[in-house]
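*Asks:* This is the structure, below, for whatever I ask next.
Quick note: the coordinates plus some simple rules give every number you see, no bench work behind them. Values in this document were obtained by computation on a predicted structure and should not be read as measured data. In this analysis, Cβ positions are derived from the backbone assuming ideal geometry, glycine residues included, and neighbour counts consider all displayed protein chains.
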Number of protein chains: 2
Amino acid sequence: MELLKQRIREDGLLIGNNILKVDSFLNHQLDPQLLLELGREFARRFRPDGVTKILTVEASGIAVAVMVGLELGVPVLFAKKKQPSTLVEEVYAAEAFSFTKQEQVSVCVSRRYLTAEDRVLIIDDFLAQGAAAKALVSLVEQAGASLVGVGVVVEKAFQPGGKELREAGIRVEALARIGAFTEKGVEFV
Amino acid sequence: MELLKQRIREDGLLIGNNILKVDSFLNHQLDPQLLLELGREFARRFRPDGVTKILTVEASGIAVAVMVGLELGVPVLFAKKKQPSTLVEEVYAAEAFSFTKQEQVSVCVSRRYLTAEDRVLIIDDFLAQGAAAKALVSLVEQAGASLVGVGVVVEKAFQPGGKELREAGIRVEALARIGAFTEKGVEFV
């Protein structure tokens, strides 16, 4: 998606060896109009697939997921990282290691909102090692729901998450795929 | 806002003495179309005030905040709970006690995205004790920015947060104000 690549080229910051900071528009400060455009693009790609629910994980997946839900006219469910006291009913839970935060987190959703009748589209901001996406796939499987696919805003194609998901037969759509970080900046593939 | 009150009456669940669960449409599962309507209502109330930035806190404030930002055409900044490793530059930070999670959390924003030139509208899903809102107000003050007001989807008017903020001279707009939980259900004021 050219609009997104352009924004990453203009406003993305590389820190260290393999961390791309896009927190001026995607995961700290948010550009609502850009997010709406991203939501429209995901909706265009997945509209034929009969999606009944969007699944994401707090926190930075929520903004783009809600725009996809708005465009497809379906509810958005965000998995919580560990079980808060207001989530009393039974949950599906899965473990994920956050490489950004360097900690193991448990993600969970209420069984009430993810059922065997659902056709689920997983949406997240980043796909790198794939830990969060795989945990969300596990929640879908535990619910006996159908997985339509995984949509991510930015895929770091040089890290194994996307490849592993695709090899498991899962449709993965990335709006921007980064092949490498070089001295010249971000190289898309 | 009648649409919201109706939804709370229909889908809200009371658990324990003073916890209202609205996680079927507001803070676990999200109804994007309702969120857009809430965003439009906040935008209508604050449009004359020259808002340049929406400030919220992860996670459940993000969805409604991004709709307000979409309607007002301004960026949304969400404060993070504790400092992740990708947020390397200097931050403004404030402490808040989460009564829901029964833990002290630190909320922070990058100094890059909150400046003395900003006219800030704080948006959150719930206002009860006011801990999160007061922490966000502190971030605005630390940045030397102007606070336009605080917009919350649901205010528990029988808890002190809203009263305390108003007594401090802050404009607080709540789309639904709950006066009491009774045997008959939710009583709005």
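*Asks:* When you check A:K53 against the structure, is it of a type in the set (D, E, K, R) and facing another protein chain (nearest Cβ under 9 Å), yes or no? Don't jump to the end; show me each part of the working.
*Replies:* Details: of a type in the set (D, E, K, R): yes; facing another protein chain (nearest Cβ under 9 Å): yes.
Here the answer is yes, as A:K53 does meet what is asked.
*Asks:* Still on this structure: State which residue is farthest from B:L77 (Cα to Cα) when the search covers only the range A:8-23 and only residues that are within 11 Å of another protein chain (Cβ to nearest Cβ) and within 18 Å of the chain's Cα centre (by Cα).
*Replies:* A:I19
*Asks:* Now for a different question. Please verify whether the range B:79-92 includes one or more residues that are out of contact with any helix residue (DSSP H, G or I) (no Cβ under 7 Å at 6 or more places or on another chain), among the aliphatic types (A, V, I, L, M) and under 20 Å from A:L30 (Cβ atoms).
*Replies:* Checked the range B:79-92: at least one residue is out of contact with any helix residue (DSSP H, G or I) (no Cβ under 7 Å at 6 or more places or on another chain), among the aliphatic types (A, V, I, L, M) and under 20 Å from A:L30 (Cβ atoms).
*Asks:* Taking the residues in the range A:95-131 that are in contact (Cβ under 8 Å) with a residue 40 or more places away in the chain and away from chain B (no Cβ under 14 Å) as candidates, determine which candidate is farthest from the chain's Cα centre (by Cα).
*Replies:* The selected residue is A:E117.
*Asks:* Only one residue in A:L114, A:L139, A:L147 is aliphatic (A, V, I, L, M) and within 18 Å of B:F25 (Cα to Cα), so which one is that? Can you show your working first?
*Replies:* On the way: A:L139 fails: within 18 Å of B:F25 (Cα to Cα); A:L147 fails: within 18 Å of B:F25 (Cα to Cα).
After applying the criteria, what remains is A:L114.
*Asks:* Right, here's the next one. Go through A:Q129, A:Q159 for me and flag whichever is touching a helix residue (DSSP H, G or I) at 6+ places or on another chain (Cβ under 9 Å) and not in a strand (DSSP E or B).
*Replies:* A:Q129
*Asks:* If the Cβ limit is 6 Å and pairs must be 6+ apart or interchain, which residue in the range B:148-173 that is free of Cβ contacts under 8 Å to residues at least 24 places away in the same chain pairs with which residue that is among the hydroxyl-bearing types (S, T, Y) and outside any loop (DSSP other than H, G, I, E, B)?
*Replies:* As it stands, the answer is none, since no pair meets every condition given.
*Asks:* Right, something else. If I filter the range A:83-90 for residues that are among the hydroxyl-bearing types (S, T, Y) and either assigned to a helix (DSSP H, G or I) or under 20 Å from A:A132 (Cβ atoms) (or both), do I get at least one hit?
*Replies:* There is no residue in the range A:83-90 that is among the hydroxyl-bearing types (S, T, Y) and either assigned to a helix (DSSP H, G or I) or under 20 Å from A:A132 (Cβ atoms) (or both).
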